[in-house]
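The values are calculated or read from the model by the stated rules, or taken from the named source; none is laboratory data. From a predicted model like this one, the values you see are computed outputs, not experimental measurements. When we count neighbours, we look across all protein chains shown, and the Cβ atoms used for this are built from the backbone with ideal geometry, even at glycine. For accessibility, only protein heavy atoms count, side chains too; no ligands or nucleic acids. Shrake-Rupley method; radii C 1.70, N 1.55, O 1.52, S 1.80 Å.
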Amino acid sequence: MNFYMLVEGKSEKTIYPAWLNHLLPEIKRVNSPQAVQSNNYYLFSSEGYPSVLNDIPNAVSDIKEINKFDYFIIAVDADELEVEERRKEVYDVINEIGNLDGLNIQIIIQNRCIETWCLGNMRIFPRHPSTNEFMLCNQHYRVLSDDPELMDRDKNVTQKTTKAQYHEYYLNKMLKERNLNYSKGSGTRAVQPPYYLEELIHRVETTDHIKSFKEFILFIRGISELIKSRLHVATGEEANQNN
(Lines give C-alpha, C1' and ligand atoms only; values in the text may rest on other atoms or scores of the structure.)
Protein backbone atom coordinates (compact mmCIF):
# COMPACT_ATOMS: atom_id res chain seq x y z
CA MET A 1 0.00 0.00 0.00
CA ASN A 2 1.47 3.30 -1.14
CA PHE A 3 -0.01 6.75 -1.36
CA TYR A 4 0.97 10.17 -2.59
CA MET A 5 -0.27 12.99 -0.38
CA LEU A 6 -0.46 16.56 -1.66
CA VAL A 7 -1.27 19.09 1.08
CA GLU A 8 -2.04 22.77 0.90
CA GLY A 9 -0.18 24.44 3.72
CA LYS A 10 2.87 24.63 5.92
CA SER A 11 1.14 23.25 9.01
CA GLU A 12 -0.05 20.11 7.23
CA LYS A 13 3.47 19.07 6.31
CA THR A 14 4.33 18.72 10.01
CA ILE A 15 0.96 17.66 11.47
CA TYR A 16 0.00 14.90 9.04
CA PRO A 17 3.27 12.93 9.35
CA ALA A 18 2.93 12.93 13.14
CA TRP A 19 -0.71 11.81 12.99
CA LEU A 20 -0.08 9.19 10.30
CA ASN A 21 2.75 7.74 12.35
CA HIS A 22 0.15 7.00 15.02
CA LEU A 23 -2.78 6.04 12.78
CA LEU A 24 -0.84 4.03 10.18
CA PRO A 25 2.39 2.83 11.81
CA GLU A 26 2.81 0.25 9.03
CA ILE A 27 3.25 3.00 6.43
CA LYS A 28 6.62 4.75 6.36
CA ARG A 29 7.27 8.16 4.85
CA VAL A 30 9.85 8.53 2.09
CA ASN A 31 11.56 11.70 0.93
CA SER A 32 10.84 11.39 -2.79
CA PRO A 33 8.26 9.67 -4.99
CA GLN A 34 11.05 7.60 -6.56
CA ALA A 35 11.90 6.09 -3.14
CA VAL A 36 8.50 4.42 -2.78
CA GLN A 37 8.64 0.63 -2.51
CA SER A 38 6.01 -1.08 -0.33
CA ASN A 39 3.90 0.43 2.47
CA ASN A 40 5.26 3.92 1.90
CA TYR A 41 3.86 7.38 1.44
CA TYR A 42 5.24 10.57 -0.02
CA LEU A 43 3.98 13.96 1.18
CA PHE A 44 4.43 17.24 -0.67
CA SER A 45 3.30 20.63 0.62
CA SER A 46 2.36 23.34 -1.85
CA GLU A 47 2.64 25.85 0.99
CA GLY A 48 -0.43 27.78 -0.04
CA TYR A 49 -3.51 28.20 -2.16
CA PRO A 50 -3.98 28.18 -5.13
CA SER A 51 -0.49 26.66 -5.49
CA VAL A 52 -1.92 23.31 -4.39
CA LEU A 53 -4.23 23.27 -7.42
CA ASN A 54 -1.32 24.11 -9.72
CA ASP A 55 0.70 21.22 -8.25
CA ILE A 56 -1.93 18.56 -8.99
CA PRO A 57 -0.79 17.95 -12.61
CA ASN A 58 2.84 17.52 -11.48
CA ALA A 59 1.78 15.08 -8.78
CA VAL A 60 -0.27 13.07 -11.27
CA SER A 61 2.73 13.00 -13.61
CA ASP A 62 4.91 11.55 -10.81
CA ILE A 63 2.24 8.99 -9.93
CA LYS A 64 1.89 7.81 -13.53
CA GLU A 65 5.64 7.67 -14.12
CA ILE A 66 6.44 5.68 -10.97
CA ASN A 67 3.32 3.49 -11.15
CA LYS A 68 3.54 2.28 -7.55
CA PHE A 69 0.90 4.43 -5.83
CA ASP A 70 -2.48 3.05 -4.80
CA TYR A 71 -3.95 6.37 -3.68
CA PHE A 72 -3.61 10.04 -4.50
CA ILE A 73 -4.70 12.08 -1.46
CA ILE A 74 -5.23 15.83 -1.73
CA ALA A 75 -5.79 17.85 1.46
CA VAL A 76 -6.98 21.45 1.17
CA ASP A 77 -8.73 24.05 3.31
CA ALA A 78 -12.35 24.93 2.64
CA ASP A 79 -11.56 28.42 3.95
CA GLU A 80 -14.43 30.72 2.89
CA LEU A 81 -16.08 28.16 0.59
CA GLU A 82 -18.46 25.38 1.50
CA VAL A 83 -16.91 21.91 1.59
CA GLU A 84 -18.54 20.69 -1.62
CA GLU A 85 -17.64 23.89 -3.46
CA ARG A 86 -13.96 23.37 -2.63
CA ARG A 87 -14.18 19.67 -3.49
CA LYS A 88 -15.65 20.52 -6.89
CA GLU A 89 -12.86 23.03 -7.48
CA VAL A 90 -10.28 20.28 -6.92
CA TYR A 91 -12.16 17.76 -9.05
CA ASP A 92 -12.40 20.28 -11.89
CA VAL A 93 -8.59 20.40 -12.01
CA ILE A 94 -8.37 16.59 -11.88
CA ASN A 95 -10.96 16.16 -14.64
CA GLU A 96 -9.01 18.51 -16.90
CA ILE A 97 -6.03 16.14 -16.68
CA GLY A 98 -8.11 13.10 -17.67
CA ASN A 99 -7.01 9.48 -18.15
CA LEU A 100 -6.72 8.61 -14.46
CA ASP A 101 -8.36 5.20 -14.65
CA GLY A 102 -7.27 2.91 -11.85
CA LEU A 103 -6.03 5.71 -9.58
CA ASN A 104 -7.89 6.02 -6.29
CA ILE A 105 -8.31 9.70 -5.49
CA GLN A 106 -9.30 10.95 -2.04
CA ILE A 107 -9.91 14.65 -1.46
CA ILE A 108 -9.72 15.73 2.18
CA ILE A 109 -11.39 19.08 2.80
CA GLN A 110 -10.30 20.72 6.05
CA ASN A 111 -13.34 22.77 7.06
CA ARG A 112 -12.32 25.59 7.57
CA CYS A 113 -8.67 24.65 8.01
CA ILE A 114 -6.57 22.09 9.88
CA GLU A 115 -6.52 24.43 12.89
CA THR A 116 -10.32 24.10 13.00
CA TRP A 117 -9.89 20.38 13.57
CA CYS A 118 -7.38 21.05 16.34
CA LEU A 119 -9.94 23.21 18.17
CA GLY A 120 -11.90 20.02 18.83
CA ASN A 121 -9.75 18.92 21.78
CA MET A 122 -12.20 19.22 24.70
CA ARG A 123 -9.72 18.11 27.33
CA ILE A 124 -7.20 20.83 26.61
CA PHE A 125 -9.84 23.56 26.42
CA PRO A 126 -9.23 25.96 29.38
CA ARG A 127 -12.20 25.93 31.77
CA HIS A 128 -10.86 28.94 33.69
CA PRO A 129 -9.12 31.22 31.19
CA SER A 130 -6.69 33.79 32.50
CA THR A 131 -5.84 35.90 29.44
CA ASN A 132 -8.11 38.59 28.10
CA GLU A 133 -7.50 37.50 24.50
CA PHE A 134 -8.78 34.00 25.09
CA MET A 135 -11.67 35.21 27.25
CA LEU A 136 -12.82 37.26 24.26
CA CYS A 137 -12.43 34.22 21.98
CA ASN A 138 -14.52 32.13 24.34
CA GLN A 139 -17.18 34.84 24.59
CA HIS A 140 -17.34 35.03 20.82
CA TYR A 141 -17.76 31.27 20.34
CA ARG A 142 -17.39 28.35 22.75
CA VAL A 143 -15.67 25.56 20.83
CA LEU A 144 -15.89 23.33 23.90
CA SER A 145 -19.61 22.83 23.38
CA ASP A 146 -20.23 24.08 19.84
CA ASP A 147 -18.93 22.77 16.54
CA PRO A 148 -15.64 24.52 15.62
CA GLU A 149 -16.47 24.16 11.93
CA LEU A 150 -19.45 26.50 12.37
CA MET A 151 -17.50 29.30 14.01
CA ASP A 152 -17.50 32.60 12.16
CA ARG A 153 -14.63 35.04 12.61
CA ASP A 154 -14.77 37.71 15.27
CA LYS A 155 -14.87 40.96 13.31
CA ASN A 156 -13.40 42.78 16.31
CA VAL A 157 -10.13 40.92 15.64
CA THR A 158 -9.50 43.09 12.63
CA GLN A 159 -6.16 41.57 11.65
CA LYS A 160 -7.88 38.27 10.84
CA THR A 161 -9.95 38.69 7.69
CA THR A 162 -11.06 35.09 7.03
CA LYS A 163 -12.62 32.34 9.11
CA ALA A 164 -9.53 30.16 8.71
CA GLN A 165 -7.24 32.95 9.93
CA TYR A 166 -9.44 33.50 12.95
CA HIS A 167 -9.56 29.77 13.75
CA GLU A 168 -5.76 29.70 13.78
CA TYR A 169 -5.77 32.77 16.05
CA TYR A 170 -8.28 31.10 18.39
CA LEU A 171 -6.18 27.91 18.55
CA ASN A 172 -3.06 29.92 19.34
CA LYS A 173 -4.77 31.73 22.22
CA MET A 174 -6.38 28.53 23.52
CA LEU A 175 -3.07 26.66 23.65
CA LYS A 176 -1.28 29.60 25.27
CA GLU A 177 -3.61 29.11 28.24
CA ARG A 178 -1.91 25.72 28.62
CA ASN A 179 1.58 27.20 28.16
CA LEU A 180 1.77 25.69 24.70
CA ASN A 181 2.81 27.50 21.55
CA TYR A 182 1.30 27.15 18.10
CA SER A 183 2.25 28.73 14.81
CA LYS A 184 2.00 27.63 11.21
CA GLY A 185 4.76 25.49 9.76
CA SER A 186 7.30 24.14 12.23
CA GLY A 187 5.45 25.50 15.27
CA THR A 188 2.73 22.83 15.35
CA ARG A 189 4.33 20.48 17.90
CA ALA A 190 1.59 21.07 20.48
CA VAL A 191 -1.06 19.33 18.33
CA GLN A 192 1.10 16.49 17.03
CA PRO A 193 1.17 13.99 19.96
CA PRO A 194 -1.06 10.89 19.91
CA TYR A 195 -2.93 12.05 23.03
CA TYR A 196 -3.99 15.25 21.22
CA LEU A 197 -5.10 13.33 18.15
CA GLU A 198 -7.05 10.82 20.25
CA GLU A 199 -8.99 13.66 21.87
CA LEU A 200 -10.02 14.88 18.41
CA ILE A 201 -11.12 11.37 17.50
CA HIS A 202 -13.09 11.16 20.76
CA ARG A 203 -14.85 14.42 19.80
CA VAL A 204 -16.08 13.06 16.47
CA GLU A 205 -17.08 9.74 18.00
CA THR A 206 -19.20 11.34 20.72
CA THR A 207 -20.64 14.35 18.84
CA ASP A 208 -21.59 15.30 15.30
CA HIS A 209 -18.92 18.02 15.27
CA ILE A 210 -15.96 18.54 12.88
CA LYS A 211 -17.44 16.26 10.23
CA SER A 212 -14.61 16.91 7.78
CA PHE A 213 -12.13 15.52 10.32
CA LYS A 214 -14.34 12.47 10.81
CA GLU A 215 -14.25 11.92 7.04
CA PHE A 216 -10.45 11.91 7.20
CA ILE A 217 -10.40 9.45 10.13
CA LEU A 218 -12.85 7.08 8.44
CA PHE A 219 -10.75 7.11 5.28
CA ILE A 220 -7.55 6.37 7.19
CA ARG A 221 -9.26 3.56 9.10
CA GLY A 222 -10.32 2.08 5.77
CA ILE A 223 -6.70 2.19 4.60
CA SER A 224 -5.62 0.50 7.84
CA GLU A 225 -8.14 -2.31 7.36
CA LEU A 226 -7.00 -2.78 3.77
CA ILE A 227 -3.38 -3.07 4.89
CA LYS A 228 -4.33 -5.65 7.53
CA SER A 229 -6.35 -7.60 4.97
CA ARG A 230 -3.46 -7.69 2.51
CA LEU A 231 -1.06 -8.74 5.27
CA HIS A 232 -3.44 -11.53 6.29
CA VAL A 233 -3.64 -12.80 2.72
CA ALA A 234 0.14 -12.64 2.29
CA THR A 235 0.67 -14.50 5.58
CA GLY A 236 -1.81 -17.18 4.52
CA GLU A 237 -0.13 -17.65 1.15
CA GLU A 238 3.28 -17.94 2.83
CA ALA A 239 1.93 -20.53 5.24
CA ASN A 240 0.49 -22.58 2.36
CA GLN A 241 3.82 -22.50 0.55
CA ASN A 242 5.61 -23.82 3.64
CA ASN A 243 3.17 -26.73 4.07
Could you list the residues of segment 12-40 with an amide nitrogen less than 19 Å from a label point located 7 Å from the Cα of Lys64 in the Cα-to-C-beta direction?
-> 33-34
Per-residue accessible area for Thr162 at 1.4 Å probe radius, Å² rounded to 10?
-> 30
Give the relative contact order (percent, whole number) for segment 53-152; include only Cα pairs under 8 Å separated by 6+ residues.
-> 29
For Lys10, the accessible surface traced by a 1.4 Å probe with all protein chains present amounts, in square angstrom to the nearest 10, to 100
Shape metrics for segment 1-63, restricted to C-alpha atoms - Rg then Dmax, Å = 11.6, 32
Keeping all protein chains in position, work out how much accessible area Thr206 exposes to a 1.4 Å probe, and write it in Å² to the nearest 10.
-> 80
Carbon and sulfur together cover what percent of the accessible area of segment 115-177 at a 1.4 Å probe radius?
-> 46
Accessible-area order for Leu103, Leu20, largest to smallest, probe 1.4 angstrom, reads Leu103, Leu20
Qualifying lysines (Cα of each under 28 Å from Cα of Lys88; at least 8 residues distant if same chain) | Lys10, Lys13, Lys64, Lys68, Lys160, Lys163, Lys184, Lys211, Lys214
Summing Lys, Arg as +1 and Asp, Glu as -1, what charge do residues with Cβ under 13 Å from the Cβ of Asn39 carry, Asn39 excluded?
-> +3
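Working with all protein chains in place, sort Asp147, Asp62 by solvent-accessible area computed with a 1.4 Å probe, largest first.
Sorted by accessible area, descending: Asp62, Asp147.
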By accessible area (1.4 Å), largest first, Lys160, Lys173, Lys13, Lys184 order as Lys184, Lys13, Lys160, Lys173
Subtract the Cα-Cα distance of Asn31 and Ser186 from 0.36 nm times their separation in residues, and report this length gain in nm to one decimal.
-> 54.1 nm
Report in % the part of the accessible area of segment 50-106 that belongs to carbon and sulfur, leaving out ligands and nucleic acids; probe 1.4 Å.
-> 40
What dipole magnitude, in Debye to the nearest 20, does segment 1-142 give about its Cα centre under +1 on Lys/Arg Cβ and -1 on Asp/Glu Cβ?
-> 700
Neighbours of Leu24 by Cβ distance under 14 Å: Lys/Arg at +1, Asp/Glu at -1, summed charge +2
Find the accessible area per residue for segment 89-212; the probe is 1.4 Å, ligands and nucleic acids are left out, and the unit is Å².
-> 49
